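The values are calculated or read from the model by the stated rules, or taken from the named source; none is laboratory data. This one's a predicted model, so the numbers in the text were calculated from it and none came from an experiment. Cβ placement follows ideal geometry from the backbone for every residue including glycine, while neighbour counts extend to all protein chains displayed.
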């Protein structure tokens, strides 16, 4: 069985660069975890935030929730954001 993998968006020359407390905690507490750049999946690290907001906008426009209560700790699913027409 392959070790668990995580795609991260902090890159240094195309390779994952541990950059902070969360990164170090993941590596310390999950032995064998393979962390690689999102670039390995065709998403440049610089695009991750924009892609996340685009997905949230798509969810909002489709009337779908933008959260997962089991992950966020919310009590229910909700559509995140609001659309204002001019």
Exercise for the section: Could you grab me the full set of residues in region 71-86 that are modelled with pLDDT under 95 and either exposed (fewer than 11 other Cβ atoms within 10 Å of the Cβ) or closer than 24 Å to residue 37 by Cβ (or both)? Expected result: 71, 73, 82, 83, 84, 85, 86
Completion exercise
Contact list, first residue from region 41-60 and free of Cβ contacts under 8 Å to residues at least 40 places away in the same chain, second anywhere and assigned to a loop (DSSP other than H, G, I, E, B) and surrounded by fewer than 11 Cβ atoms within 10 Å (Cβ to Cβ), beta-carbon distance below 8 Å, six or more apart or interchain, is 60/82; 60/83
Exercise for the section: Considering every residue within region 13-20, establish whether at least one is at pLDDT 75 or above and surrounded by 12 or more Cβ atoms within 10 Å (Cβ to Cβ). Expected result: no
Handout entry: Tally of residues being outside any helix (DSSP H, G or I) and in contact with a strand residue (DSSP E or B) (Cβ under 7 Å, 6 or more places away or on another chain) across region 33-70
Key = 5
Exercise for the section: From the list 23, 2, pick out the single residue that is modelled with pLDDT under 90 and surrounded by 12 or more Cβ atoms within 10 Å (Cβ to Cβ). Expected result: 23
Practice task
Would you mention how many residues in region 35-63 are loosely packed, with under 15 Cβ neighbours inside 10 Å and closer than 17 Å to residue 77 by Cα?
Solution key: 6
